[in-house]
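To keep things clear, I will list the structure first and then write my remarks on it.
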Amino acid sequence: TARVDPLDVAGLDDLLTDDEKAVRASVRNLSERRIAPFVADWFERGEIEDIRGLTEDLGAAGLLGMHLEGYGCAGMSAVDYGLACLELESADSGVRSLVSVQGSLAMYAIWRWGSEEQKEQWLPQMAAGKAIGCFGLTEPDSGSDPGSMRTRAERDGADWVITGRKMWITNGTIADVAIVWATTRDGVRGFVVPTTAPGFSAPEIRHKQSLRASVTSELVLDAVRVPDSAALDVLGLKGPLSCLNEARYGIVWGAAGAARTALSTALDYAGSRVQFGQPIAAFQLTQQKLVEMTLEYTKAVLLAVHLGRRKDAGTLRPEQVSLGKLNNVRSALETCRTARSVLGANGISAEYPVMRHANNLESVLTYEGTVEMHTLIVGQALTGHAAFR
Ligand code: TGC
Ligand code: FAD
């Protein structure tokens, strides 16, 4: 019999339809052609070359807001969207972040909670990648506990005036539109803020050692005035948290893409690197590492497909997303570390993608809810006790 596909030992491809495999093949092609050959250089320089051109290419491929219906969005399934995240993140978590923030956070917020006018104004150009969005929830003093945010929006006649700071905001500096979450007299509210509004600025955060092929920014809102029509139609933390469900779901899949690249790099390397007269793949200890990575990757994909089917069926629960994000990001990071050791000294070099993925996954482990937050979300689902405070 033919040798098993080392990247699909369990035969999980059986779980996908032909259409889903076609979506995956086309995103893989884009990722291998447009991102993978260049991304090590972008990472090293801390800058994606022609990021607007890249965003338009992602838009032209239908990948921005791809699981949303109408307004120029592709209206694909949750599984299709997940497969796209996996293929993009197999190249780099930074580009997947761009897509997640655009589609699952900024566009989703408008799509789910926006007025007809906001949807028509923003979604078609965002789907096409002609306008870039960001999502400002985190602040310098408020991360895991967004309810403690200090950014405030006050009524002034028919307008709102927003003052505060957001921190660690993906796409901030390059964004045309910011979804800004602020406290009001009645609770947390979201606002669709054009980044040209007077008082708005978004300096880039430099010197990151992770997600270097991604723009991360501070947002400064110095009495930014917006009309009442800029407000989203939702009150309370369920507004931003509903968007996080979407992005976290994409990360469940994306992390498996980073793990796949680490695994395939380790497999190739182990097959060709010779020590003691043998390819290192012939040593039991190396095989154990390759098998552990394969086990974790297989379980991650299985979980992602299962959660994707639930999302398409409309039965996916937030704690299930937390279970997937927690497991798949943590295991992908472990896989990268193991792969790094298989590559020996070469593992620390940018000639190979493994260390870059490991560094990126340190951010992915923290953003969209830290390991501890997702542990507590699942813990609450198990026990009925909220242990956050
Ligand atoms: P809690 O009292 O539990 O809930 C407040 C209200 O929100 C509702 N809710 C949800 N709604 C929808 N989806 C969910 N997953 C929800 N979880 C809670 C809840 O029912 C309640 O509604 P209501 O109507 O009763 O008011 O809130 P809490 O203050 O105790 O906090 C809960 C906690 C800690 C789980 C939550 O705050 C949390 O998830 N914290 C982590 C923050 C976080 O993940 N930030 C991410 C920022 S964005 C980002 O990182 C982008 S990274 C870039 C990229 O993706 O590439
Ligand atoms: P903190 O909340 O201060 O946590 C510090 C540590 O304490 C963590 O280990 C945490 O788990 C632990 N901790 C906190 N509370 C508890 C508790 N109750 N029990 C046990 N442990 C606890 N945010 C956005 O809004 N939009 C974005 O686009 C965005 N992009 C990002 C991009 C990057 C590259 C990074 C690194 C972050 C980004 N973030 C973004 C911010 C991200 O969501 C936050 O960093 C994250 O939610 C954690 O908040 P914090 O960094 O303030 O850590």
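Some points to look at:
- Residues of segment 232-283 that turn out to be away from ligand 1 (no atom under 16 Å from the Cβ) and assigned to a helix (DSSP H, G or I), as a count: 17
- Of everything listed in (1) assigned to a loop (DSSP other than H, G, I, E, B); (2) more than 16 Å from ligand 1 (Cβ to nearest atom), the single unmet condition for residue 192 is (1).
- Out of 135, 191, sole residue that is touching a helix residue (DSSP H, G or I) at 6+ places or on another chain (Cβ under 8 Å), within 12 Å of ligand 2 (Cβ to nearest atom) and among the aromatic types (Phe, Trp, Tyr): 135
- Residues of segment 178-210 satisfying the condition of being surrounded by fewer than 23 Cβ atoms within 10 Å (Cβ to Cβ) and aliphatic (A, V, I, L, M): 188, 197, 202, 205
- Among helices (runs of 4 or more DSSP H) entirely within segment 284-389, having at least 2 residues that are over 23 Å from residue 5 (Cα atoms) and within 16 Å of ligand 2 (Cβ to nearest atom) singles out 318-342, 354-366, 371-383.
- Every test in (1) out of contact with any helix residue (DSSP H, G or I) (no Cβ under 9 Å at 6 or more places or on another chain); (2) within 16 Å of ligand 2 (Cβ to nearest atom); (3) touching a residue at least 24 places away in the same chain (Cβ under 8 Å) is passed by residue 170 save one, and that test is (1).
- Pick from segment 165-174, criterion part of a strand (DSSP E or B) and surrounded by 23 or more Cβ atoms within 10 Å (Cβ to Cβ), ranking: nearest to the chain's Cα centre (by Cα): 170
- Residue match in segment 147-164 (condition: surrounded by fewer than 22 Cβ atoms within 10 Å (Cβ to Cβ), touching a residue at least 40 places away in the same chain (Cβ under 8 Å), more than 9 Å from ligand 1 (Cβ to nearest atom) and closer than 30 Å to residue 254 by Cα): no
- Going through (1) surrounded by fewer than 17 Cβ atoms within 10 Å (Cβ to Cβ); (2) within 30 Å of residue 93 (Cβ to Cβ); (3) in contact with an Asp or Glu (Cβ under 7 Å, 6 or more places away or on another chain); (4) touching a residue at least 60 places away in the same chain (Cβ under 8 Å) one by one, residue 213 falls short only on (1).
- Any hit, segment 89-109, residues being surrounded by 16 or more Cβ atoms within 10 Å (Cβ to Cβ), within 15 Å of the chain's Cα centre (by Cα) and more than 15 Å from ligand 1 (Cβ to nearest atom): yes
- Some residue of segment 356-369 being within 11 Å of ligand 1 (Cβ to nearest atom), within 13 Å of residue 249 (Cα to Cα), in contact (Cβ under 8 Å) with a residue 60 or more places away in the chain and small (Gly, Ala, Ser): yes
Read-outs throughout are calculated quantities, based only on the coordinates presented, and are distinct from any laboratory measurement. Because the structure is predicted, anything quoted here is derived from the model rather than measured. Positions of Cβ are generated from backbone atoms using ideal geometry, with glycine treated the same way; all protein chains shown enter the neighbour counts.
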